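What follows draws every value from the coordinates through simple rules; no lab data is involved. Just so it is clear, the model here is predicted, and its values are computed rather than measured. Here Cβ is always computed from backbone atoms with ideal geometry, including for glycine, and neighbour counts include all displayed protein chains.
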Amino acid sequence: MTQPRVELLFWDGCPSHPQALADLRAAMADAGLDPDTVLVREVDTDQRADRERFIGSPTVRIDGEDVEPPGDDEPVGLTCRVYHRRDGRVSPVPDPAVLREALETAMTRSTP
Amino acid sequence: MSPAIGEAAPAFDLPDTDGGRHSVGGDGARQDAAATVVVCTCNHCPYALAWHERLLDVARDYADRGVRMLAINPNDAERYPRDSFDAMRERVRADGGWPVPYLRDEDQSVARAYEAKTTPDVFVVAPDGAIAYRGAPDADHGEPDLRAAWLRAALDDVLAGRPVERAETKPVGCSVKWRA
């Protein structure tokens, strides 16, 4: 099995990334992946946000795919992302269940 | 400098999404309300959205005790169009109306005067015009069961004429989006 490439992109103006990183590392550990391999990258300028197609903080990508793919009309920029928990609550971070499922999907894909 | 607890709340007069205007008196002026809750908030921040219903519940629950709440959006709408006055009007309309007026702080002077840090950032103004509480609605944006307990406790103290026991907490949320 190839270890998926797990990225966390964040903007420091939003305080949610430590929680997102903790949730992501926990999900990776649960999946049998090394939590220290997560690539954490700060997006700190509008130019970088454009380049990265960054629609807000935090953004988690696994093998380049957003764990909650945004709509095509979602504007890029330095802002906080709005997520929804499975129970409907608004949240500043992805639901941990979504992270786990995205990791499982990536791992299944990479298994020959 | 941000007004400290016990100091006069900065005066303002701002337009709301329904064409009205709302003011807070400022320097030594007594308020008409038994207490005024000033909430710096916005449309696009997940923290503000997570606490939104809890704050509206406070407004509903304390309205018959003379408490008024004013929600103020100061964010730079040029860089964050979801916080424009039009977008604010559309949100209130889509929600079928709010129990609190939603005010636009276009030049950000009110947010600057209060030194608002985040959305949300909550201030309670006592009847004598002094700031009695400043901070978060409660300890966790992710726990609706907390019901904005810190804000409710502060209001209970103000309405009882007592000093607010927990007068200051750390505001938590998205940074206010200042104009460049």
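Here the Karplus relation 6.51 cos²θ - 1.76 cosθ + 1.60, evaluated at θ = phi - 60°, turns the backbone of segment B:160-172 into coupling constants of 8, x, 9, x, 6, 5, 10, 7, 9, 10, 7, x, 10 Hz, with x for every Gly and Pro.
Fewest neighbouring Cβ atoms within 10 Å first, the residues B:Asp156, A:Asp36 line up as A:Asp36, B:Asp156.
Placing a pseudo-label 7 Å from each Cα along the Cα-to-Cβ vector at B:Glu78 and B:Arg162 gives an inter-label distance of 4.8 nm. Per residue of A:7-17, other chain Cβ atoms within 10 Å of the residue Cβ number 2 on average. Among A:53-61, B:96-104, B:158-166, sorting by the average number of other beta carbon atoms lying within 10 angstrom of each residue, highest first, gives A:53-61, B:96-104, B:158-166. Estimated from the Cβ-Cβ distance and a Förster radius of 45 angstrom, the FRET efficiency linking B:Asp128 and B:Arg179 is about 0.85. Each Cα pair under 8 Å and six or more residues apart adds its sequence gap; the mean of these over the residue count of segment A:37-112 is a relative contact order of 27 percent. Taking 8 Å as the Cα distance limit and 6 or more residues as the minimum spacing, I'd like the relative contact order of chain B as a percentage. RCO, chain B: 30 percent.
Near the amide H of A:Arg81, under 5 Å away, which other amide H atoms are found, from residues 5 or more places off or on another chain, if H is placed in the peptide plane? Answer set, sorted by chain and number: A:Ser57. Look at the stretch B:167-176: the mean tally of other chain Cβ atoms within 10 Å of its residues' Cβ atoms is 3. Charged side chains reduced to their Cβ positions (Lys and Arg at +1, Asp and Glu at -1) give chain B a dipole of some 120 debye around its Cα centre.
Scalar couplings 3J(HN,Hα) for segment B:60-70, obtained by applying the Karplus form with A = 6.51, B = -1.76, C = 1.60 to θ = phi - 60°, are 5, 5, 9, 4, 6, 9, x, 8, 10, 10, 10 Hz; x denotes Gly and Pro. The long axis of helix A:96-110 is offset from the longest Cα principal axis of chain A by roughly 60 degrees. Taking amide hydrogens as placed 1.01 Å from N in the peptide plane, the amide H of B:Thr118 sits under 5 Å from those of B:Val176, each at least 5 positions away in sequence or on another chain. Take each residue in A:82-88, count the other chain C-beta atoms within 10 Å of its C-beta, and the mean is 2. Against the main long axis of the alpha-carbon atoms of chain A, helix A:17-30 sits at an angle near 10°. Among B:Trp178, A:Trp11, sorting on how many other beta-carbon atoms sit within 10 Å of each Cβ, with the fewest leading, yields B:Trp178, A:Trp11. By DSSP, the beta bridges lying fully in segment B:50-175 are antiparallel in about 60 percent of cases. Highest mean packing comes first when the peptides B:63-69, A:87-93, B:169-175 are listed by Cβ atoms within 10 Å, giving B:169-175, A:87-93, B:63-69. Ranking A:Ile62, B:Ala139, A:Pro15 by how far each Cα lies toward the positive end of the dipole of the protein assembly as shown (charges on Cβ) leaves B:Ala139 at the top. Placing +1 on the Cβ of every Lys and Arg and -1 on the Cβ of every Asp and Glu, with no other charges, gives segment A:6-110 a dipole of roughly 200 debye about its Cα centre. Charges were assigned to the Cβ only: +1 to each Lys and Arg, -1 to each Asp and Glu. The resulting dipole of the protein assembly as shown about its Cα centre is roughly 280 debye. Between A:Thr37 and B:Asp95, the C-beta separation translates, for a Förster distance of 51 Å, into a calculated FRET efficiency of about 0.75. Here B:Asp32 and B:Ser2 are evaluated by their C-beta separation; at R0 = 22 Å the FRET efficiency comes out at 0.35. Taking the longest Cα principal axis of chain B as reference, the axis of helix B:85-94 is set at about 80 degrees. Think of it as helices only: each DSSP H run of n ≥ 4 in chain A is worth -39500 (n - 2.57), and spread over all residues that comes to -10000 deg cm²/dmol at 222 nm.
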